[in-house]
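Below: the structure, in structure tokens.
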Amino acid sequence: MNEIIDVSEITNTLWNKTKLIQLSDFLENSDEQTYKRIFYNTLFTKNIQQYLKELIRVENEMILKIYWEEFKLFRGVFLEKYLTFKQTKIDQRIHLEDYLIKMLKKEISFDTNRTLLQHMEMYINENQKKQNTQCKICYDNLVSHVIIHEEHTCTICLSCLDQIRTTENSKCPFCKLDILNSKKLFIH
């Protein structure tokens with residue numbers, strides 16, 4: 001989780017940036033009851049003590065009480081920033097989902113017998129196949145040749161292979177071994 005609270009607002013406390021991020025992650029994975037206990041309790045209850053033990057990994061009850069009392073001093077600021085961060089995260093997720101749906105509508109011709117999820121899976125699978133056959137040197141062309149070494153082979157496009165062949169001491173751009181031979185690759 002990125003910075004959700006500016007640590008400079010919390011001075012002279014045991015809480016540091018790492019612990020605040022851990023607290024944010026803990027809250028992100030907690031239920032509503034835990035969330036309410038942390039932000040609306042004033043007492044150092046057994047539940048609060050247990051949460052802090054898990055978060056800070058300290059067993060000493062006195063140290064845990066100090067952490068709790070310090071947290072109560074800045075938890076209003078922390079809660080405000082946490083809620084803002086959470087809303088931003090939700091907005092980003094909604095924006096991403098909207099973008100994906102718009103992109104899919106442009107890229108995929110919809111078959112009315114299939115669901116949107118099936119269309120998305122098809123689109124992703126097709127793009128993965130393209131990525132798997134793309135030259136990993138130039139990322140412009142599809143792989144068309146195999147570079148042969150003693151123990152293995154590497155795939156490459158013709159234009160990158162031609163560039164390698166023009167060098168005096170041609171080495172494989174992936175594994176840096178001498179190139180023994182190259183062959184045209186046929187992909188079905």
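Any read-out appearing in this document is the output of simple, stated calculations on the displayed coordinates, not a laboratory observation. Every value quoted in this text rests on a predicted model; they were computed, and no experiment measured them. Note: ideal-geometry Cβ built from the backbone for every residue, glycine included; neighbour counts use all protein chains shown.
Values computed for the structure shown
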read-out: Charge dipole (the range 145-184, unit charges on Cβ, about Cα centre) - positive-most of L177, V146, L158; value: L158
read-out: Cβ-based exposure ranking for I147, I66, in which fewest neighbours within 10 Å come first; value: I66, I147
read-out: Loop-resident sites, the range 139-188, for trypsin sites (Lys or Arg not before Pro), counting at most 15 other Cβ within 10 Å (DSSP); value: K176
